Amino acid sequence: MAASLDIARANPNAPPVSRTPVDVDKRLTVIGLTRTELADQFKATGVPEREVRMRASQIWRWVYNKGAKTFDEMTNVSKDLREQLAEQFTLARPEIVTEQISVDGTRKWLLRLAPDAWGARHEVETVYIPEENRGTLCVSSQVGCTLTCSFCHTGTQTLVRNLTAEEIVQQLIVARDQLGEWPAALAENPDAPAGGRFITNMVLMGMGEPLYNFDNVKAAMEIVCDNEGLSLSRRRITLSTSGVVPMIERCGEEIGVMLAISLHATRDEIRNQLVPLNKKYPIKQLLDACRAYPGLSNARRITFEYVMLKGVNDSPKHAKELVQLLRGIPAKVNLIPYNPWPGSPHECSEWDAIEAFAEIINRAGYSSPVRTPRGRDIMAACGQLKSASERLRAKAREQLERAPA
Ligand code: SAH
Ligand code: SF4
């Protein structure tokens, strides 16, 4: 059984989603095409057959190793071909609407995407979280989310569409632009990290359910992991799912990234309330799919995310149940203090309760770090993301409703 985008809550007038929406200027974006797709495009646009592979590799390196923003910069490509390429392709990035920097160094970008085939311009958020020895980019996979987890701000955003592969890859490209992670900028930066990477890890934990956008996430990861391109290791990428059971095996087989499961409860009655998808794929099915996850081993554990909600799922009894449930699965547990958002229905557990919970999981032999909330002051922490456009629209609607007739 294949999972599909549940558009029940999406705008009924929204057009269908295409893999690569056409720019209004009709040029195709290079970013987001896989290497084979790029070569095929060059072939179709009249690049001589014997040059196709070489040209595709050349352009690929300019785009993904050097961060070229125009074809003009590609000095080892003939002027004629550069002009021809510029007529048919673009290297455009999404527009940065806002960049916010938290007191803890977390950065959040609100990106306005290129108009889709129907002229609509959607917005998504991408977050960069610097830590002592690494930096993690949290990437969105959808505009909004069709699921409605009770504790998640993104789930309240009704406007939903899948991101294309290029829109997923573009988030990493924009982050590298802004952080100065291309060779030219790094060479001038005395504080550049030793390995040349600010972004060492990536998590698909931004807006949206990545396993409801499987094909585009898969294509994007192929590009991001390409050894001659951005070259991010699949072991440094974690995909988080709320539990789309039928797609979990394919995720391991075809995308091959690390898996995180948003578990959040140990009993179906509670999980049904928190993660309504549980009614379709209950805990037992979900954990069976985890046990069968391709490539699972002690070196490649599944992360179980557990948001700490006061009086809901945070008692010592729940912690013991969690240990029982995870028995036999190479696992680690991420305890996430609940991040509130305006109008949210829950409260974060008391610190003592979180510590007691972590202690029980730890004693059972599982690593269970409590994730320090990052970027709360700029609403960049887990579950707080929601496009500002949607917030503004909601505000405008509210004002209209309040206005006297
Ligand atoms: N849709 C995917 C990935 C995005 S959510 C999923 O649900 O797994 C990324 C993580 O943030 C998930 O574990 C999610 O449960 C958690 N999260 C959502 N809202 C949160 C909140 N308000 N506070 C803390 N964590 C939250
Ligand atoms: Fe969607 Fe994940 Fe938020 Fe649930 S927690 S509403 S699946 S983004």
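The values are calculated or read from the model by the stated rules, or taken from the named source; none is laboratory data. Source: prediction; values computed, not measured. In this analysis, Cβ positions are derived from the backbone assuming ideal geometry, glycine residues included, and neighbour counts consider all displayed protein chains. Side chains included, ligands, DNA and RNA excluded: accessible areas come from the protein's heavy atoms. Shrake-Rupley method; radii C 1.70, N 1.55, O 1.52, S 1.80 Å.
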Does the range 68-80 include one or more residues that are in a strand (DSSP E or B), out of contact with any Phe, Trp or Tyr (no Cβ under 7 Å at 6 or more places or on another chain), more than 16 Å from ligand 1 (Cβ to nearest atom) and acidic (Asp, Glu)? no
Taking the condition of being touching a Gly at 6+ places or on another chain (Cβ under 6 Å) and more than 16 Å from ligand 1 (Cβ to nearest atom), how many residues in the range 269-303 meet it? 2
Can you find a residue that is outside any loop (DSSP other than H, G, I, E, B), open to solvent by less than 10 Å² (accessible area, probe 1.4 Å) and away from ligand 2 (no atom under 16 Å from the Cβ) anywhere in the range 193-212? yes
Which condition breaks for ARG235 when tested against (1) loosely packed, with under 15 Cβ neighbours inside 10 Å; (2) assigned to a loop (DSSP other than H, G, I, E, B)? (2)
Can you find a residue in the range 247-256 that is under 22 Å from TYR338 (Cα atoms), touching a helix residue (DSSP H, G or I) at 6+ places or on another chain (Cβ under 8 Å), open to solvent by less than 40 Å² (accessible area, probe 1.4 Å) and outside any loop (DSSP other than H, G, I, E, B)? no
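Results for (1) touching a residue at least 12 places away in the same chain (Cβ under 8 Å); (2) within 16 Å of ligand 1 (Cβ to nearest atom); (3) within 18 Å of the chain's Cα centre (by Cα), shown as yes or no for each residue.
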site: THR146; (1), (2), (3): yes, yes, yes
site: HIS153; (1), (2), (3): yes, yes, yes
site: THR156; (1), (2), (3): yes, yes, yes
site: ARG161; (1), (2), (3): yes, yes, yes
site: GLU166; (1), (2), (3): yes, no, yes
site: VAL169; (1), (2), (3): yes, no, yes
site: ILE173; (1), (2), (3): yes, no, yes
site: GLU181; (1), (2), (3): yes, no, no
site: ALA187; (1), (2), (3): no, no, no
Within the range 269-310, count every residue that is assigned to a loop (DSSP other than H, G, I, E, B), within 13 Å of ligand 2 (Cβ to nearest atom) and either at pLDDT below 95 or surrounded by fewer than 22 Cβ atoms within 10 Å (Cβ to Cβ) (or both). 2
Restricting to the range 326-382, name every residue that is among the basic types (Lys, Arg) and surrounded by 14 or more Cβ atoms within 10 Å (Cβ to Cβ). LYS332, ARG371, ARG374, ARG376
Taking into account only those residues within the range 312-364 that are polar (S, T, N, Q) and outside any helix (DSSP H, G or I), which is nearest to ILE270 (Cα to Cα)? ASN313
